Every structure is written in structure tokens, then in C-alpha cells.
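Visitor: Take this structure first; my questions come after.
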Amino acid sequence: FEFNITNTKKRVSYHRNNDTMNYHYGPFHPMKPFRLRLTDHLVTGYGLHNIMDLYEVDLSTNQNINILENKILKFHSIEYVNFLKNINENSDQENKKYLIKNDIDDNDCPIFHGLYKYCLNYTSTTLSAVSAIEQKKSDIAINWSGGLHHAKKFKPSGFCYLNDIVIGILDLLKTHARVLYIDIDIHHGDAVQEAFYMTDRVFTISFHKFGGYFFPMTGALEETGVSKGKNYALNVPLMDGIKDFEYTQLFKSIIGPLVESFNPECIVMQCGTDSLGYDRLGTFNLTVKGHGECVKFVRSLGVPLILVGGGGYTPINVSRAWCYETGIANDVILKENLPNNLPFKKYFAPDYSLYPNLGDSILNDLNTKNFLNDTRIRILENIRTLQG
Ligand code: VJV
Ligand code: CA
Ligand code: ZN
């Protein structure tokens, strides 16, 4: 074995789809589904597939495509779903008109070959994870291909087309009174927040870079929900360069009391890895260990947990983090040295480590002690209003 076994066992399921990894957003586009293949190679290389329940989601043998589309239509408009279904990379003229009419940025969200199938793939894989939790077959269910938190009811946004998270949570609400959504992608989880902004049954919290023109420019500390949902949304705006210690401290000091007061029956955690150091789009300085520490903490709360992916634009680091976190879900400690006979092993040169240290050429931490303290205090105040 490539790991040591410890003692807090949970039933973990790994939901994957062999097709999702083959899609391309286009040359030079930062979102690379190939990172999912790298992740899979690491997970199998470490032997983790032997200790989890594997669910291979395959649309071509899925008889229930109608059930899937009905679930999608609980959030997205039928006009938008039909657009995704009928569009292809050749239907240029009509396509352009629709994009302009509906204010869609086709650089961020290109129409690529097989787009609708790709969307159905990652969405049905999240729904597979949801159903393993609903049926109490798993304590933790993982889908690294999901987590596309920007997709709106009527349009795609920020590399996201269907919002598998919102669709999944809507399904969970049939069996769970309260769902907590935690988002550690460097971008604000805007569309998930928006979808549940008026309800007290889903608590959303996002940690993200905020300020300047950083996408999607929402997620100020003052956004806390409306009407019944007042105080059931939280935002933790951060600045460039935050490091493991400060981030994980802040994370634990907020999530601990939050889970205590909200008492969720299920947690959905979006584990976007663009918050790692050296991400192509991100500007934080988290390491694989720091990022994983957040997952470890959430696991320790003992609430049924769904882990989804999200951003992450330096594929070797994306796969390191998601493999490490698959280990954490299973409570096994993976050996630092990557396994032998790993496909694409040369990509991980020169360190061949699962959790390399950050080098020296990282960004300065612009989050002062005062700023972080202030943020934490203001957020804990919000959590207190929840109880009384
Ligand atoms: O900042 C933006 C919007 C613009 C307009 C469109 N141009 C291309 C970029 C600036 C204002 N979009 C962000 C979207 C980030 C989405 C993050 C998704 C997630 O991680 O939260 C969850 C999966 C953005 N930042 C960087 C880029 N777009 C970007 C897009 C490209 C690109 C380089 C950078 C698209 C195509 C190509 N290069 C070739
Ligand atoms: Ca976030
Ligand atoms: Zn992101």
C-alpha cells in the first residue's frame, strides 16, 4: 500500500465519468478537463480506488436521462437548457446572436464540441454523489468534475454552464432540512449564493479574493441574504497572498461555530484549487496541505459530506490537491513521494512530491493581521445573530 491506515473510518464513494476528462474548452483556455485525468491517475496510483466505493457514471447506459433533465430544469430555464442542447461549434451565426442577446461571454464560456454532453456528465456525476448521500450509502461522496459554481439560471458564466451544485442541493432538500454550502475556490460562489439567497434551509459561505475587478466582483462581507434567508449567507473577502496558517485558522474559527449554530444535516464543499499558490489565475498562497486541512476539518465535524471540485488552473497542483483530499476523506496519510509507474509522472518533476513546499517566488501576503481579525469578528457576529 502507498498509505498508512488510521482509525476514523467513514464510508467514502468516488464518483467519476471517464468521458468528462476528454473535453476541451479550446487552445489556451485556462479550464482544462485533462486535470481530472491527472487526478484519477494519482488516486489510482496511490491505490485509493481499492478502499472506496466506485461509481462510474455513464450517460450512454443511463436510462433515466429524463429524470436528469427534470432535475436540471428545477434550476435552469428551459430556453437555456434547449440552447445548450441544440448549439454546436458549427452553428455560428445564430449562435453569436443568442450569445449577444443573452449577454454571454463566449471567451470565458466557449461553445465547444460535445458541450451539452460534458455538462450532463459532470452534473449527473454530482447527482450520483448526492444520491449516495441521500440513500445513506456513503458518509462522504466525491465528484472532482463538479463544482461549477458560477452557472446562472438563464446563462453560463465563468467557465460554468450547468450549476451542478445548485441542482444537487435542490435534490438534497427533498431529504435534508438544512444544507451547508462551503466554497474555498478563490472565486466567489456567486450563483450558489444567489440561488439560495432567500431561504434559511441552505446556508452558503464562500472564501474568496475580493476587490478590484477580480471575477465575479460580488461576495462583499455585507452580502448576508434577504428575507427568510437573512443571515443565511456569509462571505469572507480576502486579499492576495494569503498563506496556510492564516487561512486555515480563519476557516476553522468560522466554520466551527457556524456548524454548531446552523446544525446542517449535510455539507456540500466546493474545493476549487485555484486558491493554491502558483495557480494560473489565482493569487493566494495555499499549499496542498493547507487546502487539505480545510477538508480535514470539515470531515471531522461528522456531518454527511459531498466534495466537489471547481477551479484550478495549474493541472499538476489541482491533481495533487484533489488526490491528497481523497486521501483525507478516507483518513489515510499518503506517502509524500508519488507512486512509481504513474502515467504523466514526468509532469511532476523535479520534486515528484504530492505536497511540495511553495518556492520563494510567491506573492506578498496583503492580508494584515488587523484586517483578518476584523473580518473574523464581523463574521462571528453574523453567526451569533443566527441563534437569537
Ligand atoms: O474576469 C473575467 C471576465 C473577463 C471578460 C472575458 N475575458 C476572457 C476575461 C476577463 C471579465 N472572467 C474570469 C472568469 C473566471 C472563472 C473562474 C471559474 C471558477 O474557478 O470559479 C470555477 C470553475 C476569468 N479570469 C481569467 C479568465 N477569465 C481567462 C479566460 C480565458 C483566457 C484567459 C483568462 C478564456 C480563453 C482564453 N484565455 C484563451
Ligand atoms: Ca470561494
Ligand atoms: Zn475559481
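The values are calculated or read from the model by the stated rules, or taken from the named source; none is laboratory data. No experiment lies behind these values; they were computed from the predicted model shown. Heads up, the Cβs are rebuilt from the backbone with ideal geometry, glycines too, and the neighbour counts pull from every protein chain shown. For the accessible areas, the whole protein counts, side chains as well, though only heavy atoms, and no ligand, DNA or RNA atoms are used. Shrake-Rupley method; radii C 1.70, N 1.55, O 1.52, S 1.80 Å.
Visitor: Which residues, taken from segment 47-74, are among the small types (Gly, Ala, Ser) and either in contact with a Lys or Arg (Cβ under 7 Å, 6 or more places away or on another chain) or surrounded by fewer than 11 Cβ atoms within 10 Å (Cβ to Cβ) (or both)? Even if it seems obvious, please write down each step before you answer.
Guide: First pass over segment 47-74, keeping only residues among the small types (Gly, Ala, Ser): 47, 60.
If the condition is that a residue be among the small types (Gly, Ala, Ser) and either in contact with a Lys or Arg (Cβ under 7 Å, 6 or more places away or on another chain) or surrounded by fewer than 11 Cβ atoms within 10 Å (Cβ to Cβ) (or both), then Ser60 is the only one that fits.
Visitor: Moving to a separate point now. Would you mind stating whether Gln135 is in contact with a Gly (Cβ under 9 Å, 6 or more places away or on another chain) and open to solvent by 10 Å² or more (accessible area, probe 1.4 Å)?
Guide: Numbers: in contact with a Gly (Cβ under 9 Å, 6 or more places away or on another chain): no; open to solvent by 10 Å² or more (accessible area, probe 1.4 Å): yes.
No; evaluated as a whole, the condition is false for this residue.
Visitor: Next question, about the same structure. Tell me yes or no: at least one residue of segment 155-166 is within 10 Å of ligand 2 (Cβ to nearest atom) and either over 16 Å from the mean Cα position of the chain (by Cα) or surrounded by 24 or more Cβ atoms within 10 Å (Cβ to Cβ) (or both). It would help to see each step written out before you state the result.
Guide: The initial filter retains those residues of segment 155-166 that are within 10 Å of ligand 2 (Cβ to nearest atom), namely none.
Checked against the condition, which is being within 10 Å of ligand 2 (Cβ to nearest atom) and either over 16 Å from the mean Cα position of the chain (by Cα) or surrounded by 24 or more Cβ atoms within 10 Å (Cβ to Cβ) (or both), segment 155-166 yields no hits at all.
Visitor: Related question: Pairs needed: first member in segment 205-229, within 20 Å of Ile165 (Cα to Cα); second member anywhere, open to solvent by 40 Å² or more (accessible area, probe 1.4 Å) and within 13 Å of ligand 3 (Cβ to nearest atom); C-beta distance under 8 Å; at least 6 residues apart or different chains.
Guide: Gly219/Phe210
Visitor: Can you work out which of the residues in segment 171-190 that are among the hydrophobic types (A, V, I, L, M, F, W, C) and more than 10 Å from ligand 2 (Cβ to nearest atom) is surrounded by the fewest Cβ atoms within 10 Å (Cβ to Cβ)? Write out each step before concluding.
Guide: Going residue by residue through segment 171-190, those that are among the hydrophobic types (A, V, I, L, M, F, W, C) are 172-173, 177, 179-180, 182, 184, 186.
From what is left, the residues that are more than 10 Å from ligand 2 (Cβ to nearest atom) are 172-173, 177, 179-180.
Numbers: Leu172: 22, Leu173: 18, Ala177: 10, Val179: 25, Leu180: 25.
Taking the candidates together, the pick is Ala177.
Visitor: On the given criteria, is Ala141 at pLDDT 95 or above and part of a loop (DSSP other than H, G, I, E, B)?
Guide: Numbers: at pLDDT 95 or above: yes; part of a loop (DSSP other than H, G, I, E, B): no.
Criteria not met by Ala141.
Visitor: Let me ask something additional. Just to be sure, is Ile267 in contact (Cβ under 8 Å) with a residue 60 or more places away in the chain and within 16 Å of ligand 3 (Cβ to nearest atom)?
Guide: Numbers: in contact (Cβ under 8 Å) with a residue 60 or more places away in the chain: yes; within 16 Å of ligand 3 (Cβ to nearest atom): no.
For Ile267, the condition - in contact (Cβ under 8 Å) with a residue 60 or more places away in the chain and within 16 Å of ligand 3 (Cβ to nearest atom) - is not met.
Visitor: Would you check if Asp360 is away from ligand 3 (no atom under 16 Å from the Cβ), open to solvent by 30 Å² or more (accessible area, probe 1.4 Å) and without any contact (Cβ under 8 Å) to a residue 12 or more places away in the chain? Before you say what the answer is, go through the steps one by one.
Guide: On the way: away from ligand 3 (no atom under 16 Å from the Cβ): yes; open to solvent by 30 Å² or more (accessible area, probe 1.4 Å): yes; without any contact (Cβ under 8 Å) to a residue 12 or more places away in the chain: yes.
Yes: the conditions hold for Asp360.
Visitor: Could you tell me whether any residue of segment 147-161 is more than 10 Å from ligand 1 (Cβ to nearest atom) and polar (S, T, N, Q)? Don't jump to the end; show me each part of the working.
Guide: First pass over segment 147-161, keeping only residues more than 10 Å from ligand 1 (Cβ to nearest atom): 152-156, 161.
From the residues that got through so far, the ones that are polar (S, T, N, Q) too are none.
No: zero hits.
Visitor: Would it be correct to say that Ser77 is closer than 30 Å to Lys155 by Cα, of a type in the set (Gly, Ala, Ser) and open to solvent by 50 Å² or more (accessible area, probe 1.4 Å)?
Guide: On the way: closer than 30 Å to Lys155 by Cα: yes; of a type in the set (Gly, Ala, Ser): yes; open to solvent by 50 Å² or more (accessible area, probe 1.4 Å): no.
Answer is no for this residue.
Visitor: Do we have any residue at all in segment 109-132 that's more than 26 Å from Gly26 (Cβ to Cβ), charged (D, E, K, R), surrounded by fewer than 20 Cβ atoms within 10 Å (Cβ to Cβ) and touching a residue at least 60 places away in the same chain (Cβ under 8 Å)? So that I can check it myself, show each step before the final result.
Guide: Step one: of segment 109-132, the residues more than 26 Å from Gly26 (Cβ to Cβ) are 127-132.
Keeping just the survivors that are charged (D, E, K, R) gives none.
No: segment 109-132 contains no residue that is more than 26 Å from Gly26 (Cβ to Cβ), charged (D, E, K, R), surrounded by fewer than 20 Cβ atoms within 10 Å (Cβ to Cβ) and touching a residue at least 60 places away in the same chain (Cβ under 8 Å).
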